[in-house]
Amino acid sequence: MTTPRIIGYADQIGAAPGDRLRFMVSCEGIDRYRADIVRIVAGVGQTKDPADQYRTVETTVDGLYPGRFQPIHSGSFAVVENCDVFASSNRGFSVQALIWPTLSSRACQALLSQWCDEERAGFALVLDGQGALALMLGRADGSVEVVSTGVPVVERVWHFVGASFETASGEVNLYQEPLAGSAHITPASVAKSATGLLPARPAAVPLLIAAACRNNSRPLVGLWHFNGKIEAPRIAGRALTRSEMEALRAPNVPSSLAPELIAAWDFSEDIETDRIRDRSPNRLDGRLVNLPARAMTGHNWTGTEMNWSHARDQYGAIHFHEDDLYDAAWEPDFTLTLPRELRSGVYAARLQAGDEAEHIPFFVTRPRGEPSTDLVFLAPTASYMAYANERAGIDAASTEVLTGHLTALSPRDLWLNAHREAGYSLYDRHADSSGVCYSSRLRPIMNLRCDHIQSWSQFPWQFSADMHIIGWLEAAGHRYDVTTDEELHRHGLAALAPYRVVITGTHPEYYSTAMWDAVRAYLGEGGRLIYLGGNGFYWRIAYHRQLPGVIELRRAEDGIRDWTAEPGEYYHSFNGEYGGLWRRLGRPPQLLVGVGMAGQGFDVCSYFRRQAGADDPRAAFIFKGIEDEIIGDFGLIGGGAAGIELDRYDLGLGTPSHALVLARSEAHTQMYFPGPEEVDNVMSNLDAAQNPLVRADMIFFETGSGGAVFSTGSIAWSGSLSHNNFDNNVARITANLLQRFRDPAPFPSPCG
């Protein structure tokens with residue numbers, strides 16, 4: 001079993017005919033590869049030959065391309081291009097900041113630097129290999145002078161750190177002090193040294209915060225990445241005393257020090273952006289690379305205000321990580337202009353070299369307001385991004401206890417293990433154990449593939465499971481368009497309004513406010529929604545207002561969480577909205593689609609048993625030609641149509657009172673448990689064998705404007721569609737629904 005040697009990604013996940021997509025590719029040990037475009041027409045396991053999942057489409061990109069290796073440089077930092085600390089080198093300089101280190105045991109970590117490692121020139125204020133504050137100065141002969149306090153900082157404790165260098169005497173002064181109020185008994189550390197050197201000035205290197213420059217070429221590559229929070233960095237054009245450094249921390253710099261001030265960055269400004277603001281007259285504003293976490297509590301956070309937008313002065317910190325990644329920033333290898341005649345659907349750029357093959361998926365949407373049919377598949381691309389390169393199951397042995405079976409690593413999992421620089425999912429933790437709150441699609445995403453099998457559940461998951469729905473639509477000959485969560489977020493109701501019917505994916509878990517509002521408005525105007533999944537509409541997310549292809553999640557208070565946001569950091573930095581469960585925001589999923597998260601399990605799936613609601617005349621069209629009591633006791637996902645994650649009917653959480661429970665799952669194993677939001681106290685009867693609330697409810701209800709909603713209540717439903725060559729009760733129920741939902745005749749009002 002070898003790891004992939006061709007990987008890639010596209011600059012967009014969805015585009016309309018006439019738009020251009022750029023594809024970025026990296027090869028290891030491959031000189032040439034062939035590229036073409038394919039349409040995905042089936043999901044994993046739905047065809048005897050995996051090659052039958054694809055249909056080749058002739059385009060202008062067909063051909064051979066040279067293979068090349070493109071590295072990924074992860075790690076976040078700030079860049080200030082026009083800040084020159086050495087401009088007044090005849091008088092020396094001072095640098096200072098407040099820091100909250102989270103991984104001091106790492107090797108050298110830069111706090112502020114104007115350093116070129118290739119030249120061994122400049123300065124860098126760092127934590128050395130022992131976690132002690134140190135100042136590095138490069139000599140003209142290439143040697144490096146290092147002055148250190150010799151005392152490690154305390155992790156997760158705020159410190160003042162500063163350094164001054166006086167040119168005339170060559171004297172260095174270092175200050176490393178835990179802030180007042182810390183419970184840790186750590187003495188302030190001061191180091192003095194007379195170096196007698198004039199630091200060598202690096203060529204064309206900007207000032208960096210939380211890293212140092214590897215060389216002076218572009219694009220910038222950082223090294224010595226800092227893990228932790230930095231607040232209030234300051235630079236002065238001469239050697240300051242300790243009391244002068246303290247004065248420089250004040251919001252209003254004393255007039256006596258104003259001429260010495262080079263820069264005073266305030267991270268509480270422009271939190272919603274990737275910019276950092278300099279409050280000094282020099283206006284040396286900078287930009288952030290690889291999206292470190294913003295809206296982070298600062299040294300002065302009191303706990304009296306939890307919303308950063310109401311107390312910006314207490315949120316002046318940025319949390320940097322050595323493994324942050326926003327944009328891999330690869331050069332494009334080929335560009336595809338989507339042909340005007342290309343039908344809407346799911347496609348991939350296929351890259352082949354010998355036995356190696358890579359498929360980079362993308363969605364071809366329709367120009368806004370120009371549907372080709374009345375049915376649209378809404379691809380849950382926000383959820384794909386939330387799970388992008390998920391490592392939780394790869395890294396944690398505890399997942400085998402959760403799932404009840406062994407974890408099996410695929411070649412792509414092995415690649416992810418070997419390439420931590422490819423970034424993480426919203427389920428993972430950074431190297432310093434803090435939760436990953438941003439996820440981007442501008443990088444190779446190894447689990448966004450048609451044949452993906454999740455390592456720890458051993459089932460198709462997310463995109464690969466959704467292709468089971470696409471495979472059923474193709475096999476049944478249904479004409480359909482596709483759209484994406486990004487389109488829904490960007491255009492709101494206009495993305496859905498042209499369509500009579502919307503079909504969801506299997507796990508539309510992550511929703512922005514604009515997306516939630518658009519679906520609600522669509523139903524309010526008579527739209528018909530077929531929710532073919534489970535654990536949907538669960539977490540609130542935010543999209544960045546300027547940067548494309550990135551989402552944010554703050555795991556606040558409740559829900560199934562692989563990490564929990566720190567106190568005071570529950571509000572999204574992208575837009576200031578409170579994060580967490582939609583249920584805690586007064587919008588439980590039941591209010592939208594009639595069912596909401598009830599529990600999860602990852603060992604095997606079960607089936608549905610028909611309920612009294614199936615015999616109601618209102619549901620007659622759904623069960624036309626179906627007399628079966630048991631529904632979906634088969635399938636490609638866990639052996640049944642009811643499983644993985646389950647949603648249930650709940651009048652108290654907003655299920656419409658006229659909703660019909662058509663079928664209900666049963667016989668789930670003891671590996672199925674409710675989510676934390678379902679549990680108020682320590683209880684012994686949590687598993688499905690004892691708790692009747694851990695179940696999936698299949699429901700139907702009409703809206704008040706001629707529309708209707710059908711919800712399966714189960715992620716596993718899609719895996720049963722292709723059983724017996726698509727001839728089974730799950731496929732028939734879905735086909736019956738689609739036929740009636742596409743009928744323009746309005747559904748009778750539930751009020752008669």
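The values are calculated or read from the model by the stated rules, or taken from the named source; none is laboratory data. Because the structure is a prediction, the values reported are computed rather than measured. Quick reminder, even Gly has a Cβ in these numbers, built from the backbone with ideal geometry, and neighbours come from all protein chains shown. Heads up: the accessible areas ignore ligands, DNA and RNA and are worked out on the full protein's heavy atoms, side chains in. Shrake-Rupley method; radii C 1.70, N 1.55, O 1.52, S 1.80 Å.
Would you call T56 open to solvent by 20 Å² or more (accessible area, probe 1.4 Å), part of a loop (DSSP other than H, G, I, E, B), in contact (Cβ under 8 Å) with a residue 12 or more places away in the chain and farther than 30 Å from L207 by Cα? Considered against the rule, which asks whether it is open to solvent by 20 Å² or more (accessible area, probe 1.4 Å), part of a loop (DSSP other than H, G, I, E, B), in contact (Cβ under 8 Å) with a residue 12 or more places away in the chain and farther than 30 Å from L207 by Cα, T56 comes out as no. If only residues of the range 547-583 that are closer than 22 Å to P674 by Cβ and aromatic (F, W, Y) are counted, the one that is modelled with the lowest pLDDT is W563. Taken across the range 393-407, residues that are under 29 Å from H668 (Cα atoms), over 17 Å from the mean Cα position of the chain (by Cα), polar (S, T, N, Q) and assigned to a loop (DSSP other than H, G, I, E, B) do occur, with at least one present. Taken together, D285, D278 contain a single residue that is open to solvent by less than 20 Å² (accessible area, probe 1.4 Å), more than 27 Å from A422 (Cα to Cα) and not polar (S, T, N, Q), which is D278. Residue-level analysis places D374 outside the set of residues that are under 30 Å from A210 (Cα atoms) and open to solvent by less than 50 Å² (accessible area, probe 1.4 Å). Within the range 647-692, the set of residues being under 24 Å from T564 (Cβ atoms), of a type in the set (A, V, I, L, M, F, W, C) and either touching a Ser or Thr at 6+ places or on another chain (Cβ under 6 Å) or assigned to a loop (DSSP other than H, G, I, E, B) (or both) comprises M671, V679, V682, M683, L686. Sort out which residues of the range 570-582 are open to solvent by 10 Å² or more (accessible area, probe 1.4 Å) and either part of a loop (DSSP other than H, G, I, E, B) or in contact with a helix residue (DSSP H, G or I) (Cβ under 6 Å, 6 or more places away or on another chain) (or both), and write them in order of number. Y570, Y571, N575, G576, E577 - these are the residues of the range 570-582 that are open to solvent by 10 Å² or more (accessible area, probe 1.4 Å) and either part of a loop (DSSP other than H, G, I, E, B) or in contact with a helix residue (DSSP H, G or I) (Cβ under 6 Å, 6 or more places away or on another chain) (or both). Does I644 meet the test of being on the phi < 0 side of the Ramachandran plot and either open to solvent by 10 Å² or more (accessible area, probe 1.4 Å) or in contact with a helix residue (DSSP H, G or I) (Cβ under 9 Å, 6 or more places away or on another chain) (or both)? It is false that I644 is on the phi < 0 side of the Ramachandran plot and either open to solvent by 10 Å² or more (accessible area, probe 1.4 Å) or in contact with a helix residue (DSSP H, G or I) (Cβ under 9 Å, 6 or more places away or on another chain) (or both). Picking from residues in the range 206-225 that are aliphatic (A, V, I, L, M) and at pLDDT 95 or above, the one that is most open to solvent (accessible area, probe 1.4 Å) is L223. In the set A614, A619, only one residue is open to solvent by less than 30 Å² (accessible area, probe 1.4 Å), touching a residue at least 60 places away in the same chain (Cβ under 8 Å) and either touching a helix residue (DSSP H, G or I) at 6+ places or on another chain (Cβ under 8 Å) or aliphatic (A, V, I, L, M) (or both); that residue is A619.
If you filter the range 353-367 down to residues that are more than 20 Å from H452 (Cα to Cα) and not in a strand (DSSP E or B), you find that the one that is most open to solvent (accessible area, probe 1.4 Å) is G354.
Yes/no per residue for (1) open to solvent by 20 Å² or more (accessible area, probe 1.4 Å); (2) touching a Lys or Arg at 6+ places or on another chain (Cβ under 7 Å); (3) closer than 27 Å to P498 by Cβ:
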{"residue": "L378", "(1), (2), (3)": "no, no, yes"}
{"residue": "A382", "(1), (2), (3)": "no, no, yes"}
{"residue": "M385", "(1), (2), (3)": "no, yes, yes"}
{"residue": "A388", "(1), (2), (3)": "no, yes, no"}
{"residue": "E400", "(1), (2), (3)": "yes, no, no"}
{"residue": "D432", "(1), (2), (3)": "no, no, no"}
